[in-house]
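The values are calculated or read from the model by the stated rules, or taken from the named source; none is laboratory data. These figures come from a predicted structure and were not determined experimentally. Ideal geometry is used to build each Cβ from the backbone, glycine not excepted, and the neighbour counts take in all protein chains shown. Side chains included, ligands, DNA and RNA excluded: accessible areas come from the protein's heavy atoms. Shrake-Rupley method; radii C 1.70, N 1.55, O 1.52, S 1.80 Å.
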Amino acid sequence: DNSSDSSTMQWNTWSVSLSPVTSIVDSANGIMSVDTSDASAATGIGIQLSSGETTSADSYIIDFSSSFSGTFTSDGASSVTIPLSARYIQTEDSVTAGTANGKLVYTVSYF
C-alpha cells in the first residue's frame with residue numbers, strides 16, 4: 001500500500017529490581033542489613049549490592065528504590081547474563097564476628 005516506516009528498530013530490554021527481606025540500612029547506597037534472626041549474627045556490618053561485576057565503581061551501586069535495566073543483544077543469544085555483586089561493608093563503629101547472611105527478593109521483567 002506504498003506505506004513506509006521510518007522508525008528506528010529498538011531491541012527488547014530487561015529490568016531487575018531488588019527488595020531486601022532483611023532491613024534496609026541505606027537504600028541509595030544499596031546497603032541491606034545481615035539476617036539477625038540467627039543468634040550468632042555479626043553486628044556492625046551490612047551487605048552492599050552492585051549491578052556490575054565489581055562494587056569498586058560507585059556508578060554501579062544499586063539503589064533499592066529503583067530498578068536497573070539493560071538491552072538484549074542482537075546476536076540471537078538465548079540467554080542473558082545480569083552481573084550482580086555483593087560485598088560486606090562496615091555500617092557501625094564497632095563490628096563483631098558472626099554469620100553474615102542476607103536475603104532479598106529479585107524481580108526480573110523483560111519487554
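Summary of computed values
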{"quantity": "Some residue of the stretch 47-54 being under 18 Å from the mean Cα position of the chain (by Cα), open to solvent by 60 Å² or more (accessible area, probe 1.4 Å) and not aromatic (Phe, Trp, Tyr)", "calculated": "yes"}
{"quantity": "All positions within the stretch 102-111 that are open to solvent by less than 90 Å² (accessible area, probe 1.4 Å) and under 28 Å from Gly44 (Cβ atoms)", "calculated": "Gly102, Leu104, Val105"}
{"quantity": "Residues that are under 19 Å from Leu49 (Cα atoms), among the hydrophobic types (A, V, I, L, M, F, W, C) and in a loop (DSSP other than H, G, I, E, B), drawn from the stretch 63-111", "calculated": "Phe64, Ile82, Leu84, Ala100"}
{"quantity": "Scan of the stretch 62-73 for residues that are farther than 16 Å from Ala28 by Cα and either free of Cβ contacts under 8 Å to residues at least 12 places away in the same chain or surrounded by 13 or more Cβ atoms within 10 Å (Cβ to Cβ) (or both), ordered by number", "calculated": "Ser69, Gly70, Phe72"}
{"quantity": "Unique match (being of a type outside the set (Val, Ile, Thr) and either buried (at least 17 other Cβ atoms within 10 Å of the Cβ) or closer than 22 Å to Asn12 by Cβ (or both)) among Gly30, Gly98, Gly44", "calculated": "Gly30"}
{"quantity": "Matching residues, the stretch 74-95, being surrounded by 10 or more Cβ atoms within 10 Å (Cβ to Cβ) and among the small types (Gly, Ala, Ser)", "calculated": "Ser85, Ala86"}
